[in-house]
Structure formats: structure tokens, C-alpha cells
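Asks: Below is one structure. I have some questions about it.
Values in this text are rule-based calculations from the coordinates and carry no lab data. What you are looking at is a predicted structure, and each value in this text was computed from that prediction instead of being measured. Using ideal geometry, Cβ is built from the backbone for each residue, glycine included, and neighbour counts are taken over all protein chains shown.
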């Protein structure tokens, strides 16, 4: 399960994957000929986010930089490896956040904030040694807890030190196991696959369950081309259907009565192919 983290003082986020100066490039009219074009772009962008599985029940979250919190059970027996579903993981530091705010792409407290979801910059630096330069971590925070495994293996465990770890033994007496902070200096992850590795905790036992707060998404100043194409295509489909009459392509009233023609989904098969690489996939 996951949920985007949005500051309490943030207004509802409304995405916009096309800038007004890009409308002509993607075959869209400007506001002089289509007065509601900005609203249609916002609607199309929101539909892209929902189709790609980036939003939760209150429409928070986006393909642009977003901070998510994921609570997941360990998925690799004997190893502290988990998979975070929202990819790519994004390395966002305070400096980058400030630069985006200064450039106008991240505006807090404004009525319209189409590029700032309220992400939280990471405070941790990853030093990969000889494999590349030090980078800002995409992981904001993490905690884990120890418990005995699935019922089909209870009371045995894959971890040899489970029965001497006091934080595991405490679960035998009822109540949920306590959460402990995970050492962030030794964690590693792959931004494209979402695989994240943690060092083992007390008594070298792996964590049974983890809560991971992390940044994901794309720089709002450099959104992938296919996302922009898909957004423009959805806008054109909306315009063909009366700027929001989503299931009807034509309507005729004549002497013989009313004739209406309905077409396929606004996010048609071509748009789905454009967005396939950006869809969140969960594997348990």
C-alpha cells in the first residue's frame, strides 16, 4: 500500500504536463481560439496520472516529483530487498527544490500549482564509491520491524537469529512488533527498477515489514516526450467530444429524431501504448 505525502498547507494538486508555449508544438490551439484549453490540459494530465496509477483516493500524487510512503512486507527470503512500485526513484535535494521554486515551477500557496506536489527533499547522500559520483538519495526515511514469518512456516524462520532477537521474541507475547529506524547510510537502490536494499538490522536479521518514504517521478521541467504526446492526444479527444462530453463523438437532432454516435474510451489504445512504460506495476 502506498500514499503520497502532501503538506497540510498545500492546496489540491492539479497537474499540467504541457506548458502554454508548447500548445502549438503539439497541435493544440491557444486560449484565443479555445478559451478552456488550459482546463482541458489539466484534465488530460490528471487522467494520465490516474491511468498510470500515480494517484490515491484524494487525487494526490503525480508523474512529476512526488513523495510517497510505502508499507510493504519483505519479498525476498533471506535478503533485505524490497521493490518500490512508483518509478523512477528521484534524487531530489533541497538545492534542486529551491531552484525549481525560484524558477516558478514550484509555487506553494498559490491557487494554481501544476508542477509542485509538495515533495520532501532527501537529507541523505549516497556514495557509490568507484561506480560514480555521490548523489542525493531518493529515500527520505525508512523504518522496519521484526516478526515471525508467514503462518505456513511458523514457528520456524528463514533467519537463524530470529529466536535470539528480542524485538522478534516480543511478538510471541501479543501485540504488534515495534518499529525501529533503518540505517540509511548503507542502503542502496536502483532508480529504474525500484529495487531497494537495506543492511540487516539487529542480530543480522532481515526486516519482516518496512515503511519507506521516497521520492519518485520526473523533473517538471523535463517531462518525457511520450507523456506530453499522450496528454495532447487526450486533449484532442476531449475537444472532439464537446470539450468534456466524454463518450459521444457526434449528436444530431433532425426530423426523424435524435442520432448520437459514441466512441471508445478517451484514453484509446494508441494513448495506452504511449503510456505503457509509465504505468505503476505492483508485484507481491
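Asks: I want to check the label-to-label distance for residue 270 and residue 98. Put each point 7 Å from Cα in the C-beta direction and report it in nm to one decimal.
Replies: According to this spin-label approximation, the distance is 4.6 nm.
Asks: Give, in nm to one decimal, the length gained when the segment between residue 14 and residue 30 is fully stretched (0.36 nm per residue of separation minus the Cα-Cα distance).
Replies: Length difference between fully extended and current span is 3.8 nm.
Asks: Just subtract the alpha-carbon distance of residue 180 and residue 79 from 0.36 nm times their residue separation and send over the number in nm, one decimal.
Replies: Gain in length upon complete extension: 34.6 nm.
Asks: Can you pull the one-decimal nm distance between simple spin-label points at residue 282 and residue 193, each 7 Å off the Cα toward Cβ?
Replies: For the pair residue 282/residue 193, the computed spacing is 2.2 nm.
Asks: Order by neighbour count: 216, 143, fewest other Cβ atoms within 10 Å first, most last.
Replies: By the 10 Å Cβ count, ascending, the order reads 143, 216.
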